[in-house]
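Report on the structure given below.
The values are calculated or read from the model by the stated rules, or taken from the named source; none is laboratory data. From a predicted model like this one, the values you see are computed outputs, not experimental measurements. Cβ placement follows ideal geometry from the backbone for every residue including glycine, while neighbour counts extend to all protein chains displayed.
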Amino acid sequence: MQKMKIELSIKKKLFTATGEFSLNAKLKIDHGEMVSFFGPSGVGKTTILRIIAGLTEADEGYLKVGDRLWFDTSKRYFLPPRKRKVGFVFQDYALFPNMNVRDNIRFAQELPDKEYIEELIDIFGLTVLQNRKPSMLSGGQRQRVALARALARKPGILLLDEPLSALDHETRIVLQDEILKVHKRWGITTILVSHDLTEVFRLCNRIIVLKHGRIVEDGHPNDIFDHSKISGKIQFIAEVLKVEKDDLVSVITLLVGNSPVKVAVCNSFHEHYSPGDKVLVVSKAFNPILQKI
Amino acid sequence: MNILQGTISCITNQGNLTLVDVNVKGLLVTAIMIGKPVKVRYLKCGEPIELLFNESEVSIGKENSGYLSVLNHLICTVEEIVAGKIFTLIHMLFQGQKLVALIPSRSVKIMELKKGDEITAYIKINEVFLKEIDFS
């Protein structure tokens, strides 16, 4: 598969529930990179992916992929989506319900290549499932098919828009491994939109942070998150499930990923926590206990 | 959570370990952090900074003499003692600033701590967080 580098410079007005704002992004992605777009909802991450795929047009700007111009508003040039070698995976799979797994993947191919389909079915563990229709598959299985289908076109760029958000924790981990395996095998330039920091750290060595329609940070995840305000290195987001007062401390049950964890918090300054609160848990990384398993 | 505000007076770096001395009302309070100064925006001499440490990470001493390996010693006065069965909260004043320690109720008994006592709050350097001051 041809490895493609991306050069993008775009401006677009976006309309959201909270009002109008302008998306203004300029970036370069090298061939074979796996980059994450990170930022709050509605900041323009999906829009940029759609502009790259040709599903949405920018108000102003250009996009060059490999050595080819995909669009340039100043030259009024626009390469239609079907001519762009892009594999796109959305959060909601979007498989053809009346076709089985094999046909779903085959349909995405430009030119039939049976050997390649076999390879994809094998890599994604779909051999046993290949004759089933999407309604007979689990969420994780459907997403595997969606990934295989995106790769069936032999794309130069892979765009993953929160592909694993709808899946449970364990399935996410397994699919993250598959995405890594695929990237290692074919080295396709990949952009992953994810709000899951653990996922971003696992899969990407470059993160582009967007805020208010602009790129505010661009670098290795370790470096970006070194900029956080508190020096504690073990940080994660959790949700408060229960608050119980024991002696002079509050024992708060937090939902961390999929697991409930009880933490003891001294509330001498009358901070109040209620079930449903989202909290940032910060702990010192100095000499935690590490145990090989 | 205890919070002290001060100014970074000295930064000592060795690879990924950075020792930060902070001037808090004329006293030096020290923290160790994992990170390189060049990569951490708020780590610059002269910059204002907040120091955070948990109540449970404050040890209390009374009438101590001799040496202790803990670098941070804050001389305080006991303002209020809130006793539980297992833990006791010691509310104290450090140069006008309120601080709180969570210590075993058993220790309070042994030390015969009471309101008005002059005590020393000890905090280890690896138990102090640094926090960038948010001016927004």
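With respect to the stated conditions, residue A:142 fails to be under 20 Å from the mean Cα position of the chain (by Cα) and closer than 30 Å to residue A:28 by Cα.
Just one of the listed residues (A:95, A:147, A:151, A:158) is part of a strand (DSSP E or B), closer than 30 Å to residue A:39 by Cβ and either of a type outside the set (Phe, Trp, Tyr) or touching a residue at least 24 places away in the same chain (Cβ under 8 Å) (or both), namely A:158. Whenever a residue of region A:239-266 is within 11 Å of chain B (Cβ to nearest Cβ) and small (Gly, Ala, Ser), its partners that are part of a strand (DSSP E or B) and surrounded by 14 or more Cβ atoms within 10 Å (Cβ to Cβ), lying with C-beta atoms within less than 8 angstrom and at least six residues away or across chains, give the pairs A:264/A:249; A:264/A:250; A:264/A:251; A:264/A:252. Select from region B:72-93 the residues that are away from chain A (no Cβ under 13 Å) and surrounded by fewer than 18 Cβ atoms within 10 Å (Cβ to Cβ) and write down the one among them that is farthest from residue B:31 (Cα to Cα). That would be B:77. Filtered by the rule that a residue be charged (D, E, K, R) and modelled with pLDDT of 95 or more, region B:58-84 gives B:62, B:79, B:80.
For region A:36-52, the criterion of being among the aliphatic types (A, V, I, L, M) and over 18 Å from residue A:214 (Cβ atoms) is met by no residue.
Scanning region B:101-116 for residues that are away from chain A (no Cβ under 11 Å) and either basic (Lys, Arg) or touching a Ser or Thr at 6+ places or on another chain (Cβ under 6 Å) (or both) yields B:106, B:108, B:109, B:114, B:115. Here A:189, A:198, A:253 are screened, and the one residue that is among the hydroxyl-bearing types (Ser, Thr, Tyr), at pLDDT 90 or above and under 25 Å from the mean Cα position of the chain (by Cα) is A:189. Taking the condition away from every other protein chain (no Cβ under 14 Å), under 23 Å from residue A:35 (Cβ atoms) and among the hydrophobic types (A, V, I, L, M, F, W, C), does residue A:293 pass? Criteria not met by residue A:293.
Residue check: is residue B:98 surrounded by fewer than 17 Cβ atoms within 10 Å (Cβ to Cβ), under 12 Å from the mean Cα position of the chain (by Cα), within 25 Å of residue A:264 (Cα to Cα) and within 14 Å of chain A (Cβ to nearest Cβ)? Yes: the conditions hold for residue B:98. Assessment of region B:30-46 against the conditions (touching a strand residue (DSSP E or B) at 6+ places or on another chain (Cβ under 6 Å), exposed (fewer than 13 other Cβ atoms within 10 Å of the Cβ), touching a residue at least 24 places away in the same chain (Cβ under 8 Å) and of a type outside the set (Lys, Arg)) yields at least one matching residue. Taking the criterion of being within 9 Å of chain A (Cβ to nearest Cβ), at pLDDT below 95 and not in a loop (DSSP other than H, G, I, E, B), the residues of region B:30-49 that qualify are B:32, B:33, B:34, B:39.
Apart from one condition, residue B:125 fits all of (1) surrounded by 15 or more Cβ atoms within 10 Å (Cβ to Cβ); (2) touching an Asp or Glu at 6+ places or on another chain (Cβ under 9 Å); (3) of a type outside the set (Ser, Thr, Tyr); (4) in contact (Cβ under 8 Å) with a residue 40 or more places away in the chain; the exception is (2). Would you call residue A:32 modelled with pLDDT under 95, buried (at least 19 other Cβ atoms within 10 Å of the Cβ) and under 18 Å from the mean Cα position of the chain (by Cα)? It is false that residue A:32 is modelled with pLDDT under 95, buried (at least 19 other Cβ atoms within 10 Å of the Cβ) and under 18 Å from the mean Cα position of the chain (by Cα). The set of residues from region A:2-27 being loosely packed, with under 14 Cβ neighbours inside 10 Å and in a loop (DSSP other than H, G, I, E, B) comprises A:2, A:17, A:18.
Of the listed requirements (1) away from chain B (no Cβ under 14 Å); (2) over 21 Å from residue B:128 (Cα atoms); (3) surrounded by 14 or more Cβ atoms within 10 Å (Cβ to Cβ); (4) touching a strand residue (DSSP E or B) at 6+ places or on another chain (Cβ under 7 Å), residue A:273 misses just one: (1). Residues in region B:50-71 that are touching a helix residue (DSSP H, G or I) at 6+ places or on another chain (Cβ under 7 Å), farther than 24 Å from residue B:106 by Cβ and either at the interface with chain A (Cβ under 10 Å from one of its Cβ atoms) or of a type in the set (S, T, N, Q) (or both): there are none.
Can you find a residue in region A:72-81 that is more than 28 Å from residue A:224 (Cβ to Cβ), surrounded by 15 or more Cβ atoms within 10 Å (Cβ to Cβ), of a type in the set (Ser, Thr, Tyr) and out of contact with any Lys or Arg (no Cβ under 7 Å at 6 or more places or on another chain)? Scanning region A:72-81, I find at least one residue that is more than 28 Å from residue A:224 (Cβ to Cβ), surrounded by 15 or more Cβ atoms within 10 Å (Cβ to Cβ), of a type in the set (Ser, Thr, Tyr) and out of contact with any Lys or Arg (no Cβ under 7 Å at 6 or more places or on another chain), so the answer is yes. Of the candidates A:220, A:272, A:195, the single residue that is closer than 24 Å to residue B:58 by Cβ and of a type outside the set (A, V, I, L, M) is A:272. Looking at region A:9-27, which of its residues are among the β-branched types (Val, Ile, Thr) and either farther than 22 Å from residue A:160 by Cβ or without any contact (Cβ under 8 Å) to a residue 40 or more places away in the chain (or both)? Within region A:9-27, A:16, A:18 meet the criteria.
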